[in-house]
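K.L.:
My structure is below; once you've seen it, I'll send some questions.
The values are calculated or read from the model by the stated rules, or taken from the named source; none is laboratory data. Remember, it's a predicted structure, so these values are computed and weren't measured experimentally. FYI the Cβ positions are ideal-geometry reconstructions off the backbone, even for glycines, and counts take in every protein chain you see. The area values use the complete protein model at the heavy-atom level, side chains included, leaving out ligands, DNA and RNA. Shrake-Rupley method; radii C 1.70, N 1.55, O 1.52, S 1.80 Å.
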Amino acid sequence: MPGKLKVKIVAGRHLPVMDRASDLTDAFVEVKFGNTTFKTDVYLKSLNPQWNSEWFKFEVDDEDLQDEPLQITVLDHDTYSANDAIGKVYIDIDPLLYSEAATVISGWFPIYDTIHGIRGEINVVVKVDLFNDLNRFRQSSCGVKFFCTTSIPKCYRAVIIHGFVEELVVNEDPEYQWIDRIRTPRASNEARQRLISLMSGELQRKIGLKVLEMRGNAVVGYLQCFDLEGESGLVVRAIGTACTLDKLSSPAAFLPACNSPSKEMKEIPFNEDPNPNTHSSGPSTPLKNQTYSFSPSKSYSRQSSSSDTDLSLTPKTGMGSGSAGKEGGPFKALLRQQTQSALEQRGGSPHRFCRRREFPFFTLTAFPPGFLVHVGGVVSARSVKLLDRIHNPAFVGIMGNTRSYKLLDWNSFNSDEPETRDAWWAEIRQEIKSHAKALGCHAVVGYSESTSICEEVCILSASGTAAVLNPRFLQDGTVEGCLEQRLEENLPAGCGFCHIPYDELNMPFPAHLTYCYNCRKQKVPDVLFTTIDLPMDAAVIGKGCLIQARLCRLKKKAQAEANATAISNLLPFMEYEVHTQLMNKLKLKGMNALFGLRIQISVGENMLMGLASATGVYLAALPTPGGIQIAGKTPNDGSYEQHISHMQKKINDTIAKNKELYEINPPEISEEIIGSPIPEPRQRSRLLRSQSESSDEVTELDLSHGKKDAFVLEIDDTDAMEDVHSLLTDVPPPSGFYSCNTEIMPGINNWTSEIQMFTSVRVIRLSSLNLTNQALNKNFNDLCENLLKSLYFKLRSMIPCCLCHVNFTVSLPEDELIQVTVTAVAITFDKNQALQTTKTHAEKSLQRASTDNEELLQFPLELCSDALPSHPFPPAKEHLESASSNSGIPAAQRATSVDYSSFADRCSSWIELIKLKAQTIRRGSIKTTVTVEKASPVGEGNFRNRSSPPCANSTVGVVKMTPLSFIPGAKITKYLGIINMFFIRETTSLREEGGVSGFLHAFIAEVFAMVRAHVAALGGNAVVSYIMKQCVFMENPNKNQAQCLINVSGDAVVFVRESELEVVSTQQPAANCQPSCTGGEVTT
Amino acid sequence: MTSELDIFVGNTTLIDEDVYRLWLDGYSGLWGTVCGCRFGGAVVLDGRAGRARMSDAVALRVRSGILEQTGATAAVLQSDTMDHYRTFQMLERLLHAPPKLLHQLIFQIPPSRQALLIERYYAFDEAFVREVLGKKLSKGTKKDLDDISTKTGITLKSCRRQFDNFKRVFKVVEEMRGSLVDNIQQHFLLSDRLARDYAAIVFFANNRFETGKKKLQYLSFGDFAFCAELMIQNWTLGAVGEAPTDPDPQADDMDMDLDKEFLQDLKELKVLVADKDLLDLHKSLVCTALRGKLGVFSEMEANFKNLSRGLVNVAAKLTHNKDVRDLFVDLVEKFVEPCRSDHWPLNDVRLFLNQYSASVHSLDGFRHQALWDRYMGTLRGCLLRLCHD
């Protein structure tokens, strides 16, 4: 009995009228946890009942505490017939299980019904008494903290960053066909909500266990997703980065945590594989070992089965293989190797079948200073799978029993279902890892995974940014001294991360290298693409802007395999074009780097849609981008030429205008300074459109844009014309507005405190006749552009402001429907300070970084906290087998899992294709800096205390919501726990509720309300890193029905305005612990 | 390409004051007109119709020049208007019981905005209120709203809202004890000014004072509200200081109904005109005091008995409900019109009324001084307010 849960039902208010005769309600409450139920008395004839119940006590396992939600049902008592349900409240009690988070949940919760929406509120108090349980075989992981934030949370210091954790659980979806059903819609919706709540609880607990195994105490960048696979079931999966975090106010834990890895570190050489040739991790490794290879993983393979452990794809593609040490220096190779070995060692685990350790992935997008050394570029992988119903007898007849699904968990039961999904993801991750290797990187940062499902076809996608991490954080052996020295001199602040991690003579793709414009010492690529946030100390010129590539492709309707094949065939072209568009638009903006790149490919019945969003910036370290040249196909035609030159002029004008708009004025650098000792393989890079067949016609044109390389657009058909036009149709935001999809806007650093988070959803119906790719593209483009225009208009009162973290999600709910969902936050800034030069900013941040560094961010990666044998990377080719053999799964099952990935071959072949085709693109590479500012994008010193007046007089505390990890003008003082909520809303009176717009508008408003209420009940006043992960909307207007599923998550926090900080800090603890039964009042 | 669904939801609910005004004024967004069709017809068709047609509200916004100021398109404006209209529609339910708006969790609205929403929602048009002031707030009256709408040029929707507001406030405070204004303020969170206006409306509706007669048309709502306030302060049960300490369970509502006993007692004043000596004495007292001070002295002297008879008879008649209703008609007929026909300046009216009331104290044979003061004190204020063109 390791936990006692106590619940008290205080009162209700604004209940609906349940008895028409009296216009009143006889309400009572059922409190259920697990299989135990308590009831309050019936409070007769009132819409504002005062139950003031006793404390209901549940004695439960901590495992249950983690998995189960507390379920509160409000009912109307009826003497003669069945009691009518008014609505429910699910309370996740997880936040009460961490020692330092919330101590009590107390406040008004909206009573929610899946058919009627919010129906009044109920005041509840929940407490947990947790007994310490030292059982090492326990199944619970109470106390592991979860954060959605993709950086080290503000009031913590990372002692160790352990690495990637993932898990998934699968179950039958209680309602895969919402229209045909036997039970009432309410019952099936509730079953579904409860099940998903249980599954996410379980998932979190299991991830927690893995973290404990790794000796971590927290998961950062936790991302949990649902795949509604329809008939084949429901998958809940999560990824995150395991860390050991230390609360900043308690410095005690720091030393021991730091020492232990180093101690163990020393033992490693003895434990390790004795092969001295390939072994590179030990301090004894000579600096100039020419035998280093890119794939030294062999040395660690002794634990794995006999299978080949060289997992890199290098032999196949010829990329990045061979010795790296020839010219770029042994230093780099060593760096790489040490990083890798460190990462691999982390793979060491007492459980042989713990496959998760093999991926050196980090879901973080912002890093402590010095963590990132170099950034290689974006790596991504996609795979098309066929969903298949799993015939599992365990499913039969167990619905309604909320616990039985646990039998299906892959750890405890022999179901092959999750195994399949697991294998699919393992495969994708493997692909990502090998791509990263090809870029000379051993880690992937800013990593994320997503799916798009249509009928039985599923596209799995993963992407991240290949990076080299600083070995200084990996070990503190004898090498460190000299390494560090070199690091310091080689990696000047602000440009180090731009320097290429790969060997310039063995470039994985053709790229145009120059010496860094900042330090002039190292090579940099001409363009850099990344999925991470802009490092704080990066030297940026001007401001950034949101850049989107949008693309539709028609596809024939098909079934099963044929469908999957068709999709697989289309994908590479889509990726290629998306990248082309991105590149063109980037050049049009006069910028040279993309951050926060997110490419989403969605599949529908008869089309595929691609939407890429990123934030373009001009990195001072990278060369000035060349212009865009237009080439005509028939140069002899006079009028045509005229037209072409007209277009060319327009493009040049646009570039000039954009440079002005975004204040891009790079200092002129004379030729001599730059020098050009690099043999340039090509003076200009030419990008030919994929459709164009003739490349020779353009060769004679003088395309060079002065000395810079130019981008060539060949106008060879109307398609191309359209594309050029569409390039020019993107209108810049109205003056006073900026937008980006990263946490902060590069070039703006003086935020004021007004923020407005919003969600906007649009669905358009395409006219079904004569759909062509062009028409589709235009429609899609217009949809997105109009949506943005609407946002600018609506938020005009906030000018000057910036839309940050603009997150577009596109889906194809039906044949001719396109749904776009946008969540973002508008933040005001002070115009007068906006002109502050980037230089002073950089200086400031540097200053800050140096002071912060010491206390905040000394965290070695955990290379060696387990002294156990390390686990090798399984080889790419055989990863399936090795994986399954590792996990001890019988051969028979292995066979089935291979069957499920019947498209694996095709996938890998198209990935190859993409690789070849998109090489020009991938050159977008990355960088890391030594002195990155702390993750907060905003130097606190820059905040202006223009806080809005406190909302006196209001009975409901204000809860801010933001997709960012910080709140401008305020300091986060406490993290109260993760908010992860799933809601279903359904209606059978769609017209009466105002049609689809009215229905969804109300539902989203209700979701916000429920999130706020939960945060307020935890004693918080804001949600940071808020994300709406899913918004699935289905309608059937003929039946007057609609249904919507929404999944949101975020971190509940307490923040204090900086202006009030001194005053409040002393009162803070008291304020937090006080449950305000009167309505969760919170200081703002 | 047609838009099926288009919504924007902010964590802080966006309120555009201009759009709110349009909504309150009853101009249709897409919602009112085209969605009317939506309810009957296919969704696709209606989507198209919506795009093609510009709703009244959007057209008005376009006319305000917002497109030029912001560089937006009509489609953007339409979408924005619809978002706001939906929000207002959802808020409307809460606005019916404003304290709910404060406690609800669905919309996060800063307090200043909440106050604005409430205040504007309960604001009413002068032209409209004059039409229904003193009428029974019943279904019958509601049916006449069509005519009122045509007559006043206020949209029917807006008329309905205003009428429903009156009725709602009436229903809530009807049965309540205590100060009418306080009750209204407490239950509807209105500003002091607006709460007073509502008190007047409720008071008039409850006592069914006739205000619609042609000869009363020159009076504004403000005039009536002023009178109502005086009457509430002096002539109702609540006005008598001892009432709260002596709660009579059978007692009528404190502030809404006139003090029946008081009205009954007013009969006693008849002696002032019935007793010839008393009337003459009263007249001579007033005339002596005002001689030389009044521009219209001779007219006053000639008319004194008529005027006095008029005022006293009005008092004596108030026992009958019908006559209570005609109070303002009578006052205008018996006092205001004679004064007006003789062109009394307002100052002379004031001097006369003051002296007229005060002189009664010197009438030895008259025993109902307190009653007289309670009656005349209020009436004097009302009459002064009513005397204008």
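K.L.:
Look at segment A:741-777 and say how many of its residues are open to solvent by 10 Å² or more (accessible area, probe 1.4 Å), closer than 30 Å to A:P1037 by Cα and either within 7 Å of chain B (Cβ to nearest Cβ) or in a loop (DSSP other than H, G, I, E, B) (or both).
P.N.:
So the answer is 8.
K.L.:
Counting only residues that are modelled with pLDDT under 50 and charged (D, E, K, R), which one in segment A:357-408 is nearest to A:D533 (Cα to Cα)?
P.N.:
A:R357
K.L.:
Please go through segment A:76-98 and give me each residue that is open to solvent by less than 20 Å² (accessible area, probe 1.4 Å) and outside any helix (DSSP H, G or I), ordered by number.
P.N.:
Residues satisfying the conditions are A:D76, A:I86, A:G87, A:V89, A:I91, A:I93, A:Y98.
K.L.:
While we're here: Scan segment A:979-1003 for residues that are closer than 22 Å to A:V822 by Cα, of a type in the set (A, V, I, L, M, F, W, C) and not in a helix (DSSP H, G or I) and jot them down.
P.N.:
A:I979, A:M981, A:F982, A:F983, A:I984, listed by residue number.
K.L.:
Right, something else. What number of residues within segment B:147-157 satisfy the criterion of being in a helix (DSSP H, G or I) and either open to solvent by less than 80 Å² (accessible area, probe 1.4 Å) or touching a residue at least 40 places away in the same chain (Cβ under 8 Å) (or both)?
P.N.:
Result for segment B:147-157: 5.
K.L.:
Can you pull out every residue in segment A:71-112 that is in contact (Cβ under 8 Å) with a residue 60 or more places away in the chain and within 14 Å of chain B (Cβ to nearest Cβ)?
P.N.:
Of everything in segment A:71-112, those that are in contact (Cβ under 8 Å) with a residue 60 or more places away in the chain and within 14 Å of chain B (Cβ to nearest Cβ) turn out to be A:G107, A:W108, A:F109, A:P110, A:I111, A:Y112.
Condition check ((1) closer than 20 Å to B:L116 by Cα; (2) open to solvent by 40 Å² or more (accessible area, probe 1.4 Å); (3) assigned to a loop (DSSP other than H, G, I, E, B)) across all residues:
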residue	(1), (2), (3)
B:Q162	yes, no, no
B:K167	no, yes, no
B:I184	yes, no, no
B:I201	no, no, no
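K.L.:
Among all residue pairs at least 6 apart or on different chains, which show Cβ distances below 7 Å where the first residue, located in segment B:267-281, is open to solvent by less than 60 Å² (accessible area, probe 1.4 Å) and the second is among the β-branched types (V, I, T)?
P.N.:
B:L269/B:V312; B:L272/B:V312; B:V273/B:V312; B:L278/B:V271; B:L279/B:V273
K.L.:
State all residues of segment B:337-389 that are of a type in the set (K, R) and under 26 Å from B:T236 (Cα atoms); if no residue qualifies, say none.
P.N.:
B:R350, B:R367, B:R374, B:R380, B:R385 - these are the residues of segment B:337-389 that are of a type in the set (K, R) and under 26 Å from B:T236 (Cα atoms).
K.L.:
Identify all residues within segment A:57-75 that are open to solvent by 40 Å² or more (accessible area, probe 1.4 Å) and more than 19 Å from A:T40 (Cβ to Cβ); write none if there are none.
P.N.:
A:E59, A:D61, A:E63
K.L.:
So, one more: What is the number of the single condition among (1) modelled with pLDDT of 90 or more; (2) under 17 Å from the mean Cα position of the chain (by Cα); (3) surrounded by fewer than 20 Cβ atoms within 10 Å (Cβ to Cβ) that B:V129 does not meet?
P.N.:
All conditions pass for B:V129, except number (3).
K.L.:
Moving to a separate point now. Do any helices (runs of 4 or more DSSP H) lying entirely in segment B:68-143 carry at least 3 residues that are touching a strand residue (DSSP E or B) at 6+ places or on another chain (Cβ under 7 Å) and more than 14 Å from chain A (Cβ to nearest Cβ), and which ones are they?
P.N.:
Because the criterion is at least 3 residues that are touching a strand residue (DSSP E or B) at 6+ places or on another chain (Cβ under 7 Å) and more than 14 Å from chain A (Cβ to nearest Cβ), no helices (runs of 4 or more DSSP H) in segment B:68-143 meet it.
K.L.:
When residues of segment A:982-1002 are filtered for being closer than 16 Å to A:N1040 by Cβ, more than 7 Å from chain B (Cβ to nearest Cβ) and either β-branched (V, I, T) or touching a Cys at 6+ places or on another chain (Cβ under 6 Å) (or both), how many remain?
P.N.:
3
K.L.:
From the set of residues in segment B:210-238 that are out of contact with any Leu (no Cβ under 6 Å at 6 or more places or on another chain) and in a loop (DSSP other than H, G, I, E, B), which is surrounded by the most Cβ atoms within 10 Å (Cβ to Cβ)?
P.N.:
Top of the filtered list is B:L219.
K.L.:
Touching a Gly at 6+ places or on another chain (Cβ under 9 Å), more than 7 Å from chain B (Cβ to nearest Cβ) and not small (G, A, S): does that describe A:V1023?
P.N.:
Yes.
K.L.:
Let me ask something additional. Among the residues of segment A:1023-1036, are any among the polar types (S, T, N, Q) and not in a strand (DSSP E or B)?
P.N.:
no
K.L.:
For residues that are surrounded by fewer than 23 Cβ atoms within 10 Å (Cβ to Cβ) and more than 43 Å from the chain's Cα centre (by Cα), tally how many sit in segment A:18-43.
P.N.:
11
K.L.:
I need the full set of residues from segment B:330-347 which are open to solvent by 10 Å² or more (accessible area, probe 1.4 Å) and assigned to a helix (DSSP H, G or I), in order please.
P.N.:
B:D330, B:E333, B:K334, B:E337, B:P338, B:R340, B:S341, B:L346, B:N347, listed by residue number.
K.L.:
A:L817 - would you say it is surrounded by fewer than 22 Cβ atoms within 10 Å (Cβ to Cβ), facing chain B (nearest Cβ under 10 Å) and in contact with a Lys or Arg (Cβ under 9 Å, 6 or more places away or on another chain)?
P.N.:
Yes.
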